[in-house]
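The structure appears below as structure tokens.
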Amino acid sequence: AGAGRLARWAGAGRLARWADAWRRWRDARIADPDFQAWAARSPLTRPVVRRQSAALYDLVAGFVYSQVLYAVVELDLCQRLAGGAKTTDALAAELGWPVDGVQRLCQAAAALDLLARRGDGRYGLGPLGPVLIGAPGVAEMVRHHNLLYRDLADPTALLSGRVKETALSRFWAYVAEDEGAAAPAGTAAAYSRLMAASQTMVAAETLATGALRGVRHL
């Protein structure tokens, strides 16, 4: 029995080494600029290259996406357009912004499917706009994530432990060791809004996962 286990262990070790060697060869090939150029031209690999290129671009542009979303949420842009499309001039008048700034924000939001440009130049809700309106908890989470974005301004400092106090830790004041420490009034109000909005989604998901037939009280 012992010899059999040893043989299986040795066999598994060889397979693991072969797998590691194959992965090293594969990674080296993919990292080769000449191979990348060939793969982009080849009809067989071109779809894969395009998907990976788009995914990598999304990683590069992710911070921009999140900041555009944050601006849309902070300005209640989707709610402003819920009643119908508007021109950038009309939105600029509502916001007290220059028209070119509104134009840039609307174009960016349209690229993310939050808004959509109409044929006459007006902007209305895009595919994701009504979804955002119907899920107020998401908007509150976006506002809350602004704290995380501040903490991640220098991610290496944060993850290495050089940053001792974060914006998130100050927001979640009740987690502190000093349980008597009270959060500022503004922070408490923001926390309450976040919990009130997000717990509705949590409750709905929780109730949807369980069979309530025959249950009379919760």
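The values are calculated or read from the model by the stated rules, or taken from the named source; none is laboratory data. Just so we're clear, the structure is a prediction, and the values are computed from it rather than from any experiment. Glycine gets a Cβ as well: all are built from the backbone with ideal geometry, and neighbour counts include every protein chain shown.
Of all residues in the range 62-109, how many are of a type in the set (D, E, K, R) and under 18 Å from Leu132 (Cα atoms)?
Total satisfying the criteria: 3.
Taking the condition under 25 Å from Gln79 (Cβ atoms), modelled with pLDDT under 85 and exposed (fewer than 10 other Cβ atoms within 10 Å of the Cβ), does Glu177 pass?
The answer is no for Glu177.
May I ask you to list the residues in the range 64-99 that are more than 27 Å from the chain's Cα centre (by Cα) and of a type in the set (Asp, Glu)?
Of everything in the range 64-99, those that are more than 27 Å from the chain's Cα centre (by Cα) and of a type in the set (Asp, Glu) turn out to be Asp89, Glu94.
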